[in-house]
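Trainee: Okay, here's the structure, questions in a sec.
The values are calculated or read from the model by the stated rules, or taken from the named source; none is laboratory data. Bear in mind that the values here come from a model prediction, so they are computed numbers and not experimental data. Virtual Cβ from ideal backbone geometry, glycine too; neighbours counted across all protein chains shown. Note: accessible area is taken over every heavy atom of the protein model, side chains too, but ligands, DNA and RNA are not part of it. Shrake-Rupley method; radii C 1.70, N 1.55, O 1.52, S 1.80 Å.
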Amino acid sequence: MDKNIPYKTYLNENEIPTKWYNLRADMKNKPAPLLNPGTLQPMTAEELSGVFCSELVKQELDNDTKYFDIPEEIQNFYKMYRPSPLVRAYCLEKALDTPAHIYYKFEGNNTSGSHKLNSAIAQAYYAKKQGLKGVTTETGAGQWGTALSMACSYFGLECKVYMVKVSYEQKPFRREVMRTYGASVTPSPSDTTNVGRKILAEHPGTTGSLGCAISEAVEVATTSEGYRYVLGSVLNQVVLHQSIIGLESKIAFDKIGVKPDVIIGCAGGGSNLGGLIAPFMGEKLRGEADYRIVAVEPASCPSFTRGKFAYDFCDTGMVCPLAKMYTLGSGFIPSPNHAGGLRYHGMSSILSQLYHDKLMEAVSVEQTAVFDAATQFARVEGILPAPESSHAIRVAIDEALKCKETGEEKNIFFGLTGTGYFDMVAYQKYNDGEMTDYIPTDDDLAVGFAGLPKTDL
Ligand SMILES: *Cc1c(COP(=O)(O)O)cnc(C)c1O
């Protein structure tokens with residue numbers, strides 16, 4: 001152990017950042033605006049306000065304001081479970097026998113078990129402040145729904161969650177946590193919405209997808225008095241809230257006098273990665289420092305590495321605005337054997353633009369290799385990681401093993417987004433040797449691409 005660098009670097013409560021950092025302000029090429037699917041014109045604040053809370057619409061559309069004050073109520077909530085520790089993975093380094101120095105920021109130290117609470121509490125706060133009755137949302141693996149139900153119960157808001165059917169059935173305990181926090185949970189697609197009934201008629205027996213669940217949640221929000229829709233990833237506002245992860249990390253690294261060489265994060269819709277890298281990418285964009293930044297995605301849902309950079313629907317029912325992003329097409333559904341999360345068809349417009357401008361890299365990994373890494377990590381570092389987070393672990397380990405060959409003492413930093421306690425069905429499959437990999441063929445992907453809207457933008 002290096003005596004100058006502790007296992008865990010914590011910040012004091014009064015060192016928790018009081019402003020979120022808006023990475024867009026430092027981007028030369030701004031992320032493309034959301035478009036109205038009817039007119040193909042940029043969505044106005046007024047149009048968006050029918051779906052989202054007004055204050056969140058402002059954050060969504062603001063590409064210029066560098067810092068947003070974190071309201072005191074949210075700061076106080078953050079104090080209940082933040083700061084999250086920056087951990088030096090001494091035990092993993094030893095197990096790998098690598099000269100590399102491995103660090104991770106652990107966001108799983110709260111009941112929802114992931115970073116999603118950072119944005120859920122902000123979104124619930126603005127909904128409450130606007131005087132709304134409640135919010136609707138979708139959830140895939142269940143972390144977002146859990147985080148949002150916690151946030152809503154804290155502020156006394158109703159919360160209606162549409163949960164992807166396959167997860168609803170595989171993760172009864174997630175569902176019960178949400179219900180314990182007072183949320184109503186409906187498996188999607190359901191017969192409670194027009195779009196759900198339509199999807200069920202077209203695809204009987206479907207196990208659902210995030211895209212379907214989003215369509216249902218948006219329909220309920222826009223047809224219920226005093227309701228708005230909230231989303232746990234992909235949007236600019238979510239990346240803004242998640243900047244707390246990177247800001248805290250940066251302060252902690254500065255405290256111990258370390259500069260990460262490579263920053264690695266898993267990418268589903270891009271919110272944790274966008275937040276993790278925000279201040280580092282800001283320095284890179286301003287020419288103050290350089291970092292290698294790597295997004296990791298599942299080989300079974302490869303939006304960055306095999307997707308197209310195009311305007312696409314954010315949902316299956318095509319009721320949401322169009323976003324320009326790396327996408328597999330809104331009709332894309334990962335193969336049923338996929339157990340590792342990160343199954344959204346698209347990617348944050350901010351990260352998509354940065355990737356397009358070659359300011360970051362992306363790699364895809366297969367799920368059995370991800371669970372190999374998860375198990376190796378769990379056994380030495382004491383934390384049972386979420387499958388999503390384990391994508392980042394996989395690549396961090398691979399980087400550390402490369403250092404072993406070259407003898408380089410690189411500082412490798414990755415985001416450990418959550419715990420895997422509710423993912424034991426996936427771990428069970430892995431432990432029983434029943435986990436398989438499926439990489440979509442070009443023909444599989446062509447089906448999703450065929451459904452891209454023809455905008456030429
Ligand atoms: C939701 C989730 C992710 C992926 O979402 P992003 O928006 O890409 O961050 C990753 N890890 C965990 C634990 C999650 O719950």
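Trainee: Which shape class, rounded, prolate or oblate, goes with the stretch 1-100 when its Cα gyration tensor gives a ≥ b ≥ c as root eigenvalues, a/c under 1.5 marks rounded, and past that a/b bigger than b/c marks prolate?
Mentor: Prolate, since a/c reaches 1.5 and a/b exceeds b/c.
Trainee: So what's the back-of-envelope 222 nm ellipticity for the chain, counting only DSSP H runs of four-plus at -39500 (n - 2.57) apiece and dividing by all residues, rounded to 500?
Mentor: Only helices count here, giving -13000 deg cm²/dmol.
Trainee: At 1.4 Å probe radius, can you tell me the per residue accessible area of the chain in Å²?
Mentor: 38 Å²
Trainee: Return, in residue-number order, each cysteine of the chain whose C-beta is not under 4.7 Å from any other cysteine's C-beta.
Mentor: 53, 91, 212, 266, 301, 403
Trainee: Could you state, as a whole-number percent, how many of the C-alpha pairs of the stretch 117-231 are farther apart than 23 Å?
Mentor: 22 percent
Trainee: Any idea what angle helix 236-256 forms with the longest principal axis of the chain, computed on alpha-carbon atoms, 0 to 90 degrees, nearest 10?
Mentor: The angle comes out near 10 degrees.
Trainee: If ligands, DNA and RNA are left out, what is the accessible area of residue 441 with a 1.4 Å probe, given in Å² to the nearest 10?
Mentor: 70 Å²
Trainee: Top to bottom by accessible area (1.4 Å), largest first, where do 112, 49 land?
Mentor: Accessible-area ranking of 112, 49, largest first: 49, 112.
Trainee: Also, I was wondering about something else. Using a ≥ b ≥ c from the Cα gyration tensor of the chain (square roots of the eigenvalues), is it rounded, prolate or oblate, where a/c under 1.5 gives rounded and otherwise the larger of a/b and b/c decides, a/b for prolate?
Mentor: rounded
Trainee: Something else now. Note the angle between two axes, namely the Cα long axis of helix 117-129 and the longest principal axis of the Cα atoms of the chain, as a number of degrees from 0 to 90, rounded to the nearest 10.
Mentor: 40 degrees
Trainee: Report, to one decimal in Å, the Kirkwood hydrodynamic radius for the stretch 219-313 based on all distinct Cα pairs.
Mentor: It is 15.3 Å.
Trainee: Sort 201-210, 307-316 for me by packing, meaning the mean count of neighbouring Cβ atoms within 10 Å per residue, highest on top.
Mentor: Ranked from most to least packed, the peptides come out as 307-316, 201-210.
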